[in-house]
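To start, the structure under review is shown below, and the notes come after it.
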Amino acid sequence: METIIATEGLTKSFHGKVVVNRLDLEVPKGAIFALLGDNGAGKSTTIRMLTGLLEPDAGRAFILGEDCWARAFALRHRVGYVPEKPRFYDWMTVREIGWFTAGFHKPGFFYRYVGLIDRFRLDASTRLKALSKGGYAKVGLALALAADPEVLILDEPTSGLDLFIRREFLASMVELAGTGRTILISSHGIAEVERVASHAAFMAEGRLLLADSIEGLRKRLVRVRLRFDNAPPPPAALGTVLEHEVSGRLWQAVLQDPDPAAINELRCCREDVYDVEESPLSLEEMYTALLARFHRPNQPRESNNGQSAGSIRDGAASIANTSGSSFFAPRPFEEEVEPS
């Protein structure tokens, strides 16, 4: 599958603190790729390097085969970008900001913009300062899409929006991906992004924890539950252990890259083990388990009856990446944000 966005060892520090640490990512064509993590995980800094607004300290980033820093100007007509908190000239009307921005783009921009604001049910005569947060976000998206970009990058696009607007906004991403666009969306609202994402990458403290398609993640991260009569099975024999808990005769573990043969052996060959269930995790559960091991790579998790619930393998060594605008707002519109 063709790779549209890629990073190789991408690194950035501020005041001696590494905020993006040797990031390797691959985003395939047509994907809705969710870059997930808490505030401070490095998502926004990564996006600013991808959009040519910030020069990497080390490593490289590419979009559509072009270097994001060296070819930033050329990419601005092929990549749409919506920052977390866009800033426009608020004294302008919805129509005027489109007309003004069209001067930075190729012919056809303004006509597409007018069609988009009509589709988004925006009143063209309303001044930007009078818009709701949802309306302001729609203006940003309309400006990003009006140049007909091949790639769309959204940084926390639903932040501050109400539930209905968030769902409407995210649903529109599915339509856009259906037209062949590739979408990278960063968010700390993991549960809501799961509804639309085709791929996901989890970040913490500037590091990549895991990246894959949603289907691949659901196969690679599973919860196993069972009951036992005698000795509980050793969880490390079943895969990489993220969480492990024993309570009485109940046993459960969250495993990365589970061994199907070992799990099947429990079902078939141990008479003292029964009711073996294997189930996928939600993206939020995946992130919680990965983050817990990232912060406590060698510390056992205690079960709720106080017994040691098994050791957790070293996190950094085995958490692996297997992942498989045209509108850049003119400089006066951009908001200077804290590194995150």
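The values are calculated or read from the model by the stated rules, or taken from the named source; none is laboratory data. If you're wondering where the values come from, they're calculated on a predicted model, not measured in any experiment. Here Cβ is always computed from backbone atoms with ideal geometry, including for glycine, and neighbour counts include all displayed protein chains. Note: accessible area is taken over every heavy atom of the protein model, side chains too, but ligands, DNA and RNA are not part of it. Shrake-Rupley method; radii C 1.70, N 1.55, O 1.52, S 1.80 Å.
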_Loop trypsin sites (Lys or Arg not before Pro), segment 191-281 (other Cβ atoms within 10 Å of the site Cβ: 15 or fewer; DSSP)_ = R195, R249
*Residues R195 and K129, FRET efficiency given R0 of 45 Å [Cβ-Cβ distance, rounded to 0.05]*: 0.90
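With charges only on Cβ, +1 for K and R and -1 for D and E, what is the dipole size of the chain about its Cα centre, in debye, rounded to 20?
880
How many percent of the accessible area of segment 216-292 is carbon or sulfur, using a 1.4 Å probe? Please report the intermediate quantities before stating the final value.
Working: 1740 of 3560 Å².
So the carbon and sulfur contribution to the accessible surface is 49 percent.
Taking the solvent-accessible surface of protein heavy atoms with a 1.4 Å probe, what is the per residue accessible area of the chain in Å²?
Values: 15590 Å² over 340 residues.
Ligands and nucleic acids excluded, the figure is 46 Å² per residue.
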*How do C268, C68 rank by accessible surface area computed with a 1.4 Å probe, from largest to smallest?*
C268, C68
*asked:* Straight-line reach from K12: which lysines fall under 30 Å, measuring Cα to Cα and dropping same-chain residues less than 8 apart?
replied: K29, K43, K85
*When only Cα pairs under 8 Å and 6 or more residues apart are kept, what is the percent relative contact order across segment 142-217?*
27
